[in-house]
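Notes follow the structure.
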Amino acid sequence: MKKLALPIAIVAIAVSAFSIFKSQSSSELVYVDVNKLMEGYERTAVERTLFEEKAEKLQANVDSLIGNWQEELKLYEKERSSMSRKELELKQELLSNKQQQIGSYQQAIQKHIQEEDQKATQTVVNDINDYVKEYGELNGYKIIFGARGTGNIMYADAMTDLTEKVLEGLNKDYKGTE
């Protein structure tokens with residue numbers, strides 16, 4: 001019986017040492033580079049293109065209104081010498097009111113463009129966050145940090161960087177191939 005106790009104790013110590021080593025070497029704390037995910041995620045480019053198309057259309061509308069107002073102003077400058085004082089005042093007031101309306105409209109369009117940009121960005125961020133959460137749950141990670149290059153994570157072993165794996169899965173998920 002004493003002869004079996006020593007080998008069993010040695011095996012128990014070896015198993016304990018191996019499990020301690022294994023638990024320390026397989027980190028549950030990992031990170032992804034958020035900037036690389038945003039840049040490499042295919043939906044980012046799609047959303048950016050859609051946003052730019054909307055913004056160009058809205059800006060073209062504003063530019064058209066400004067062009068029309070400028071044409072009216074040129075016409076006024078040509079015809080003003082033949083106008084009565086009352087007509088001059090009326091035309092100046094109309095041009096001034098139109099300029100103010102265009103300015104207000106331009107501000108509203110700029111605000112709308114900013115909101116559309118934020119929506120597009122938030123759509124991409126939500127996709128990434130949802131996928132990283134799912135990835136972490138499926139792969140047994142307790143925490144996945146997001147590094148942005150602003151000092152959140154000053155150093156991390158390359159073995160704890162999941163960026164490429166997550167980006168690959170994220171794009172497959174977006175394409176519907178996973």
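The values are calculated or read from the model by the stated rules, or taken from the named source; none is laboratory data. Computed from a prediction, not measured in an experiment: that's the story for all the values here. When we count neighbours, we look across all protein chains shown, and the Cβ atoms used for this are built from the backbone with ideal geometry, even at glycine.
Assorted remarks:
- Taken over the range 14-54, the residue count meeting the criterion of being in a helix (DSSP H, G or I) and at pLDDT 55 or above is 20.
- The range 109-163, residues that are in a helix (DSSP H, G or I) and loosely packed, with under 11 Cβ neighbours inside 10 Å: Lys111, Glu115, Asn126, Glu137, Leu138, Ala158, Met159
- Which numbered condition Val11 fails, given (1) surrounded by 12 or more Cβ atoms within 10 Å (Cβ to Cβ); (2) farther than 30 Å from Ile144 by Cα; (3) of a type outside the set (Asp, Glu); (4) at pLDDT below 95: (1)
- The C-beta contact set for the range 70-81 (first residue of a type in the set (D, E, K, R), second residue assigned to a helix (DSSP H, G or I) and surrounded by 12 or more Cβ atoms within 10 Å (Cβ to Cβ), distance under 7 angstrom, 6+ apart or interchain) comprises Glu72/Leu95; Arg80/Leu88.
- Any hit, the range 80-95, residues being of a type in the set (Ser, Thr, Tyr), under 30 Å from Val132 (Cα atoms) and at pLDDT 90 or above: no
- Single unsatisfied condition, Lys119 versus (1) free of Cβ contacts under 8 Å to residues at least 40 places away in the same chain; (2) over 30 Å from Leu65 (Cβ atoms); (3) not aliphatic (A, V, I, L, M): (2)
- Criterion: touching a Lys or Arg at 6+ places or on another chain (Cβ under 9 Å), within 22 Å of Glu168 (Cβ to Cβ) and not aliphatic (A, V, I, L, M) - qualifying residue of Tyr131, Tyr141, Tyr135: Tyr135
- Only one entry of Leu95, Leu50, Leu90, Leu65 meets the criterion of being within 30 Å of Asp127 (Cα to Cα) and either hydrophobic (A, V, I, L, M, F, W, C) or touching a His at 6+ places or on another chain (Cβ under 9 Å) (or both), and that entry is Leu50.
- Any hit, the range 105-125, residues being of a type in the set (Phe, Trp, Tyr) and more than 21 Å from Lys54 (Cβ to Cβ): no
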